[in-house]
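Just so you know, all these numbers are worked out from the coordinates, no wet-lab data involved. Here the structure is a predicted model, which means the values were calculated and not measured. Virtual Cβ from ideal backbone geometry, glycine too; neighbours counted across all protein chains shown.
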Ligand SMILES: CC(C)(COP(=O)(O)OP(=O)(O)OC[C@H]1O[C@@H](n2cnc3c(N)ncnc32)[C@H](O)[C@@H]1OP(=O)(O)O)[C@@H](O)C(=O)NCCC(=O)NCCS
């Protein structure tokens with residue numbers, strides 16, 4: 001594990017789509033998203049993206065959107081070598097801040113029921129489970145449910 005001392009966050013957009021797609025593929029090797037889809041998702045007003053960089057090197061990312069006063073984290077990831085250094089938490093908090101700036105009063109996300117690191121991250125940062133979608137994710141080992149989580153934004 002590395003420390004997060006030199007990691008900084010910046011906003012990202014369609015021009016960073018290739019970088020975001022490369023990060024996504026490394027964080028979700030079984031379900032990579034292509035750059036064109038990511039470019040669309042992070043084009044205002046559709047959504048926004050954040051990049052975490054260690055110096056010039058991208059180490060993490062988040063994609064999110066806000067509509068009708070509700071925000072949603074679409075995807076978030078940190079490269080394996082940079083995990084457990086606080087980058088994921090910083091990305092979540094930055095998404096909360098940006099979503100609040102864009103008028104969101106709550107932030108939602110879906111997380112696989114068997115994704116214990118991510119569920120722990122969200123629970124530790126004020127998210128609560130509010131729903132469950134059985135069989136939402138398809139895995140070679142079988143279908144896995146999604147847990148829907150929500151956090152109110154005031155208090156960021
Ligand atoms: C989930 C993910 C983004 C977390 O990123 P991270 O930078 O490692 O997270 P942080 O270092 O900020 O961890 C913050 C807290 O989350 C929890 N946490 C994170 N990883 C954990 C793990 N492997 N086991 C248990 N708790 C964990 C801990 O409470 C941690 O606080 P602590 O280190 O003080 O104990 C990262 O594991 C990842 O990219 N996973 C693959 C992609 C993914 O599953 N994304 C989420 C999809 S919903």
- Message: Given the -39500 (n - 2.57) contribution per DSSP H run of 4+ residues, what per-residue ellipticity at 222 nm results for the chain, rounded to the nearest 500 deg cm²/dmol?
- Response: -8000 deg cm²/dmol
- Note on the structure: Expected max-MSF residue from 79, 20, 96 in the GNM of the chain (alpha carbon, under 10 Å) is 79
- Message: Starting from 0.36 nm per residue, how many nanometres of slack lie between residue 22 and residue 114 once their C-alpha separation is accounted for?
- Response: 30.7 nm
- Task: Give the peptides 58-65, 29-36, 136-143 in descending order of average Cβ contacts within 10 Å, highest first.
- Result: 58-65, 29-36, 136-143
- Query: If you count the DSSP beta bridges with both ends in the range 7-152, what percent of them are antiparallel, to the nearest 5?
  - Reply: 90
- Note on the structure: By the C-alpha gyration tensor axes a ≥ b ≥ c (rounded if a/c is under 1.5, else prolate when a/b exceeds b/c, else oblate), the shape of the range 4-101 is oblate
